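So the structure is just underneath, and the comments pick up after that.
The values are calculated or read from the model by the stated rules, or taken from the named source; none is laboratory data. Values in this document were obtained by computation on a predicted structure and should not be read as measured data. All Cβ positions, glycine included, derive from the backbone under ideal geometry; neighbour counts span all protein chains shown. Surface accessibility is based on the protein's heavy atoms, side chains included, excluding ligands, DNA and RNA. Shrake-Rupley method; radii C 1.70, N 1.55, O 1.52, S 1.80 Å.
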Amino acid sequence: MFFFASTVFLSAFLLFQIQPIVGKMILPWFGGSSSVWSVCIVFFQAALLLGYAYVHWLHEKLAPRQQLRLHMALLLASLLALPVAADPSWKGAALEHPGWNVLAVLATAVGIPYLLLSTTGPLMQAWYARTYSAAVTSAHPYRLYALSNLASMLALLSYPVLIEPIWAVDTQARGWSIGYALFVASCLATSLYAWRRVSASDRLTETASFDPAPKPSWAECLLWIGLSATPSILLLSLTRHLTQDVAPIPFLWVLPLSIYLLSFILCFDAPRYYVRPLFMTLTVLSFVALDFSLDDGTDVQWLVPLISISLFAFCMVCHGELVRRKPPPRHLTLFYLMLSIGGAVGGVVVGLVAPAVFNAYYELPLGLFLCAALVLIVVWPELRSMWKVLLLLILLGYGLRLGMISFGYVDGFRLVVRNFYSQLRVVDNPDSKHGHLRQLVHGRINHGEQYLSPNLRRSPTAYYCEKSGIGRAFHAQDGVSPRKVGILGLGTGTLAAYGRAGDELRFYEINEQVLDLARKEFSYLSDSPAQVQHILGDGRLMLEREQAQQFDLLVMDAFAGDSIPTHLLTLEAMKTYFGHLKSGGILAVHITNHYLDLKPVMAAIAQQFGKTALMQDFAPGDDSPLCMSSNWVLLVDPASTARLLPQLVNAQTLQVRAGFRPWTDSFTNLLGILK
């Protein structure tokens, strides 16, 4: 058992440790969007499906010694793919089919090792079941599956706490490659052990030693797929719901995925952990709680535990029912193949199909309804006729309620659009205090607004008003004529309101839909007397490709939800920005955020580059009706500080936090700056 258990544990640990490593590695290349993680999960689930299909074919078509020979050869060949690393040539491939490009870069970076790792769990269980078929019960191979999920959860939980805060991502990748080489050695040792048992005994090839159970029906296989696909849909859609307004950080990726794996551990290790009445009741309560959460919007401090508990209930029911229906070991590989098909289907629906087909996040209500329908299906044979009718009516009513919630995603909005990067909504408020107000919203975060009345439509508003940090930075450049200004992040184009005749404003925006909305739904760009240019692409990557622009002012205002993508705040990124500034120019960084305290990051940057970091906090009063609270940091040469300070009000010079490690492209630690 030691050989089999140690190999399964190590393979599963590596399988799930590489997910946040490579996800973090490529996140900056595709705009820092939370959708990158969803597509990563699609890739990992698809690789699992291929691995399980390979194991099922191996188990059904080849003799034991042929299985051993083939798999040992593939393991040795996979070492040629080390060390794992994403190819930097994929940078900037985000604009054209970003979802498919994420899949391609993952396939080239970790495809072969990941595929071999994915085969280990079911293959070791199949070999174990056949080797010891006369001596073990049918539960023992499935306990190896519980062990693999325990290792997976430990890998995920250890990453944000032990791995990410200590090592740079390239060091993490090298360490993982060493671990993979150890796994290959362990797997080869287990294979040789199984080979000796084949040589000593013919039990592996005795078909009589297997339980001659009939092959499961297609209806049963479809139920397995449904019970596997639904938790996958809910995992990804609830993770997206959790991260859309916060930040696509490994911790918020890991938490839901760990809960998902915990349900596998409990259900497959010992079915007694699945107390059916308890979890059925908890699932119903979760349906009700999420119904209110989706309807009125819940603060993140309540949203995290609510989603965690609800996801756990859903996964325990679905995975518990899977265990209740698991076949004898003879059909073990078919069972796992169906589970992997379900997981991949769920991932594809959320990661690839939904952004292309839906204009809003309809996959979450869809997943909730499928879960409710599956609960009814699994208990249907045990119900009396009266209960069948009653529960069917309740299910239909719940479906109508979810339909109303889905309708609310678009009802009352002037326009709703969605793509790989985000869902954007334009909303009109004709009865605001100062007349007709139009807003651009991402999730629940305001990304800009404009008053449409002729006397206010050219006035900068919200985080960009005259008294905000960026408004004061523009006024500090009033003596410069003409001004050249670079702006990373377009939003509604509000900053174009500061443009004067002769000025040049260069907007860098990764999301084409944002550009379309700024042109068609708002008039800041068309009203500006300045020369306005638009560069479509990730702002940092575009600047890296350009000659020095000699900006008088460079504005960093690129947000994904409520946070700045971390790759835009690293030392390497700042070196690029400062390289495009004139002597005495200002780098203005918008750090308004509900959940992250970015002041230590900015102070460390200022120290590294010999700059002064001036923090301008602004809370509007009655004399600032067009403004919203904002936090801006202005990075300037020390010699220019005296010239800028008169324009600011109660500006704070940021000081470096003791022991704070500056962010780089290979090291960021968002847990360290959580408010």
Notebook entry, point to check: Taking Arg69, is it surrounded by fewer than 24 Cβ atoms within 10 Å (Cβ to Cβ), basic (Lys, Arg), in contact (Cβ under 8 Å) with a residue 12 or more places away in the chain and farther than 21 Å from Phe420 by Cα?
Noted result: no
Item checked: Residue selected from the range 642-669 under the condition farther than 21 Å from Lys575 by Cβ and touching a strand residue (DSSP E or B) at 6+ places or on another chain (Cβ under 7 Å), by the criterion least open to solvent (accessible area, probe 1.4 Å) -> Leu644
Checklist line | Matching entry among Leu368, Leu339 (being under 15 Å from Ala47 (Cβ atoms), crowded, with 24+ Cβ neighbours inside 10 Å and among the aliphatic types (A, V, I, L, M)) | finding: Leu339
Notebook entry, point to check: Can you spot a residue in the range 317-327 that is of a type outside the set (Asp, Glu), free of Cβ contacts under 8 Å to residues at least 24 places away in the same chain and over 16 Å from Arg276 (Cα atoms)?
Noted result: no
Next item on the list: Take the range 565-599 and flag every residue that is under 23 Å from Gln301 (Cα atoms) and in contact with a Gly (Cβ under 8 Å, 6 or more places away or on another chain).
Entry: Pro565, Thr566
Check: What is the number of the single condition among (1) open to solvent by less than 50 Å² (accessible area, probe 1.4 Å); (2) assigned to a strand (DSSP E or B) that Gly621 does not meet?
Finding: (2)
Next item on the list: Looking only at the range 396-433, count how many residues are assigned to a strand (DSSP E or B) and either closer than 18 Å to Ser286 by Cα or without any contact (Cβ under 8 Å) to a residue 12 or more places away in the chain (or both).
Entry: 3
Check: Residues of the range 379-401 being surrounded by 12 or more Cβ atoms within 10 Å (Cβ to Cβ) and closer than 14 Å to Leu368 by Cβ, which ones?
Finding: Ile394, Leu395, Tyr398, Gly399, Arg401
Notebook entry, point to check: Just checking, how many residues over the range 389-442 are in contact with a His (Cβ under 9 Å, 6 or more places away or on another chain) and hydrophobic (A, V, I, L, M, F, W, C)?
Noted result: 4
Checklist line | Any pair with Cβ under 8 angstrom, 6 or more apart, that starts in the range 74-103 at a residue that is within 18 Å of Val169 (Cα to Cα) and open to solvent by 20 Å² or more (accessible area, probe 1.4 Å) and ends at one that is at pLDDT 80 or above and among the acidic types (Asp, Glu) | finding: Ala85/Asp170
Margin query: Go through the range 123-158 and report how many residues are open to solvent by 20 Å² or more (accessible area, probe 1.4 Å), assigned to a helix (DSSP H, G or I) and modelled with pLDDT under 65.
Written below: 2
Check: Which members of the range 348-395 meet the condition of being assigned to a loop (DSSP other than H, G, I, E, B) and in contact (Cβ under 8 Å) with a residue 60 or more places away in the chain?
Finding: Phe358, Asn359, Ala360, Tyr361
Check: in contact (Cβ under 8 Å) with a residue 12 or more places away in the chain, of a type outside the set (Val, Ile, Thr) and farther than 20 Å from Ile112 by Cβ - does that describe any residue in the range 41-58?
Finding: no
